[in-house]
Amino acid sequence: MKTIKVKEFEVPVGAMGDVAGIISDNDLENTITGVDEDGEFVYVEVRYEKGAEEEQEAIHEIQDIIDNYDDEDEEEEEKEG
């Protein structure tokens, strides 16, 4: 029996291309569920099979892209400030 998990990501618009590439490359089922009020983030739900190693790696890769994008964004704000 397959166990399907759903993970929702808050993806910065600037990172959406990279995230979409991972989703596409790994044939992950997904849904864009909305955007924030300021249009800075896209909310994406990704469904993956629990125990499917490749899919879980893709989920971690997406999270890493988001985390790294946030870190770069904070560094830019500090330089400008």
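Overview of values
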{"item": "Sum of side-chain charges, residue 30 neighbourhood, beta-carbon under 11 Å (Lys, Arg +1; Asp, Glu -1)", "result": "-2"}
{"item": "Percent RCO, i.e. relative contact order, over the chain, from Cα pairs under 8 Å lying at least 6 residues apart", "result": "35"}
{"item": "Rounded to 10°, Cα long-axis angle of helix 16-25 versus longest principal axis of the chain", "result": "20"}
{"item": "Cα-based helix-to-principal-axis angle, 53-80 vs the chain, degrees rounded to 10", "result": "10"}
{"item": "Label-point gap, in nm, between residue 1 and residue 27 - each point 7 angstrom along Cα→Cβ", "result": "2.5"}
{"item": "Range in the chain, longest, excluding exposed trypsin sites (Lys or Arg not before Pro) [loop by DSSP; at most 10 other beta-carbon atoms within 10 Å]", "result": "3-49"}
{"item": "Residue among 31, 13, 62 farthest towards the positive dipole end of the chain, charges placed on Cβ", "result": "31"}
{"item": "Label selected from (1) 26, 14, 10; (2) 25, 18, 13; (3) 19, 15, 11, the criterion being semi-axes √(5λ) of the Cα gyration tensor in Å as computed here", "result": "(1)"}
{"item": "Of 57, 29, 37, the one that fluctuates the most in a GNM where the chain has Cα springs shorter than 10 Å", "result": "37"}
{"item": "Accessible solvent surface per residue of the range 1-76, calculated while the other protein chains remain in place, 1.4 angstrom probe, Å²", "result": "67"}
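The values are calculated or read from the model by the stated rules, or taken from the named source; none is laboratory data. Just so you know, these numbers come straight off a predicted model, no measurement behind them. Every residue, glycine as well, gets a Cβ built from its backbone with ideal geometry; the counts of neighbours run over all protein chains shown. Ligands, DNA and RNA are stripped out before the accessible areas are found, and what is left, the full protein with its side chains, is counted by its heavy atoms. Shrake-Rupley method; radii C 1.70, N 1.55, O 1.52, S 1.80 Å.
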